Amino acid sequence: MKKLLLFLSVSVMVTGAYAQKAANTSIMVSSGANLQETADHKSIQSNISMENLKKAMSWKYNNGAGRSANKTTISGSRVYNYVDYLDILGTPSYSFPYMWQDGVGMAMYKPATGYLYDTVNVMSYGSVLHPWFTGFNDQFALDYAGKVAIQQYSPYTVDSVAFYGLYQRNSQKTGITDTLRVSLIYGSGATGEDISVSRWYSLTPGVFQQNFGYDTLRVATVMYDSVRRVARGNTRVIKDILLNNSNFGDTVVVGSLGIHRFAVHFGQAIPAGNLVGVTATFISGDPNKPAPYTDTVFRGDMVPGLEVAKYNIFRPWTFEEADGQYPKYNVGNYNTGLGMLKIYDTSSSFYDTYLAAWFWAKEGGMEFSYVDWVVSCANCPAVNVDNVSGLISSVKVYPNPAVNEARVPFALGTASDVNVTLTNVMGQVISRQSFDNVTTGEAVFATGQLANGVYLVNVEAGGQNKIERVTVAH
């Protein structure tokens, strides 16, 4: 099924770290080679399932830490993969976009009406990991119980990162070595950090509200280095993976699925409270580059007689959360896929910025990259162990019973984003208030118009929750 790769075709504004570039933006990227169901795509589809991946990579799904119900902290490692968390491996909503290093190449593809050419728009891609996200520390989630639970107050180490995709070569060019250039950065989300959290809102009223349930999105932001063609930042570490005839990824994956896996070791210590991002760019080693905008770098749904790829290419494995729908936006969840497209308009808010998942339209198929993060912590709580030194140190509700208002002061052990939600006992949200990067605060909820009865106040910070009851009595 052919899909269009679109950006939100509305004007958007960005505030915070990149407010100086808050220009109106309206972008559409055409369909074509990026999203075609090529022959290799179809052959792989029948093999993609969680069961097959578990057989091929038992180390990934069985790893963990020394478990003990009597310990409040443990040491160990685990694999984080946001696509696995979303449980969308077996869906048809994935693609292998064509990626070229400088945005001037073309690709041939086959729509229903015949063979066409289209610009290869993807120049780099990646992922941001938010390891203390609540969902990663759910003891009832698949394979999480008993493993290390990195919290916002936990320093941790990125041991290695693995990228998955199709590395396809022209079999006649045996002497060429290409490069998958990988960069790792980290940041606390604050303005000026290598990973910041920017606020985006639409100048067209109601667009974000309609698509995501919020008028303003808070999104992890990564900048692009056009010279090195990877993420930009002071914390950056760059490593090159050499690609040649003898290096087609881990055979455990190649043999059973036909998808190549390329892992790189970092051993990078990450300070507590920092998000971490990784990007990858394909750098061709072929001395003969395609002529800009006229020559194909790869032939998609192979033309009879032209089955050989003209140039070697790496095509990342990417997913959309739900077929034909926008990805779900959750306040305080900064896990995201990254895409760097061919955007040369310097007035654009998106110029030299990796696009987070929510700025690909619902049928992009490229919202989230399939990336494994092997992350370790030397002294973390286990997922199923309550941590006695939790981030949320104090929550109160007063007056209780409440008449006209309920006040909710809170205190944290370290600065964090906080969401305070008032719900009824059926879980329906009555009101929500958010606080950015605070150690203390107070939410105030008007209760004068509420029916008498019991309500719940939920304070959430850094993947932890504390719930208090409040009674409304007029």
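The values are calculated or read from the model by the stated rules, or taken from the named source; none is laboratory data. The structure presented is a predicted model; accordingly, all values stated were derived computationally and were not measured. A quick note on method: Cβ atoms are made from the backbone with ideal geometry, for glycine too, and the neighbour counts reach across all protein chains shown.
Among the residues in segment 207-224, are any aromatic (Phe, Trp, Tyr), surrounded by 17 or more Cβ atoms within 10 Å (Cβ to Cβ), modelled with pLDDT of 90 or more and in contact with an Asp or Glu (Cβ under 7 Å, 6 or more places away or on another chain)?
Within segment 207-224, one or more residues are aromatic (Phe, Trp, Tyr), surrounded by 17 or more Cβ atoms within 10 Å (Cβ to Cβ), modelled with pLDDT of 90 or more and in contact with an Asp or Glu (Cβ under 7 Å, 6 or more places away or on another chain).
Any idea which residue in segment 155-169 is nearest to the chain's Cα centre (by Cα), counting only those that are surrounded by fewer than 23 Cβ atoms within 10 Å (Cβ to Cβ) and more than 30 Å from Ser95 (Cβ to Cβ)?
Looking at residues that are surrounded by fewer than 23 Cβ atoms within 10 Å (Cβ to Cβ) and more than 30 Å from Ser95 (Cβ to Cβ), I get Thr157.
Go through the residues of segment 138-146 one by one and say whether even a single one is at pLDDT 85 or above and in the same structural domain as Ile270 (by TED's automatic domain parsing).
Checked segment 138-146: no residue is at pLDDT 85 or above and in the same structural domain as Ile270 (by TED's automatic domain parsing).
Of the residues Gly135, Gly175, Gly165, only one is in the same structural domain as Phe282 (by TED's automatic domain parsing) and part of a loop (DSSP other than H, G, I, E, B); which? Spell out how you get there, then give the answer.
On the way: Gly135 fails: part of a loop (DSSP other than H, G, I, E, B); Gly165 fails: part of a loop (DSSP other than H, G, I, E, B).
Selected residue: Gly175, the only one of Gly135, Gly175, Gly165 that is in the same structural domain as Phe282 (by TED's automatic domain parsing) and part of a loop (DSSP other than H, G, I, E, B).
Say whether the condition of being crowded, with 19+ Cβ neighbours inside 10 Å and charged (D, E, K, R) is met by at least one residue in segment 98-112.
Yes; the residues of segment 98-112 include at least one that is crowded, with 19+ Cβ neighbours inside 10 Å and charged (D, E, K, R).
Okay, residues lined up against (1) assigned by TED's automatic domain parsing to the domain that holds Asp159; (2) at pLDDT 80 or above; (3) at positive phi; (4) of a type in the set (D, E, K, R):
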site	(1), (2), (3), (4)
Asp372	yes, yes, no, yes
Val375	yes, yes, no, no
Asp386	no, no, no, yes
Lys396	no, yes, no, yes
Pro399	no, yes, no, no
Ala406	no, yes, no, no
Val418	no, yes, no, no
Ser431	no, yes, no, no
Ser434	no, yes, no, no
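Looking at (1) closer than 23 Å to Gly267 by Cα; (2) among the charged types (D, E, K, R); (3) within 17 Å of the chain's Cα centre (by Cα), can you tell me which one Arg228 breaks?
Unmet for Arg228, out of (1) closer than 23 Å to Gly267 by Cα; (2) among the charged types (D, E, K, R); (3) within 17 Å of the chain's Cα centre (by Cα): (3).
Could you please let me know if Asp194 is over 22 Å from the mean Cα position of the chain (by Cα) and buried (at least 21 other Cβ atoms within 10 Å of the Cβ)?
Considered against the rule, which asks whether it is over 22 Å from the mean Cα position of the chain (by Cα) and buried (at least 21 other Cβ atoms within 10 Å of the Cβ), Asp194 comes out as no.
Give me the pairs, please: first residue somewhere in segment 186-203 and under 20 Å from Val237 (Cα atoms), second residue anywhere and aromatic (Phe, Trp, Tyr) and not in a loop (DSSP other than H, G, I, E, B), beta-carbon distance under 7 Å, and either six or more positions apart or on two chains.
If the second residue must be aromatic (Phe, Trp, Tyr) and not in a loop (DSSP other than H, G, I, E, B), the pairs left are Asp194/Tyr186; Ile195/Tyr186.
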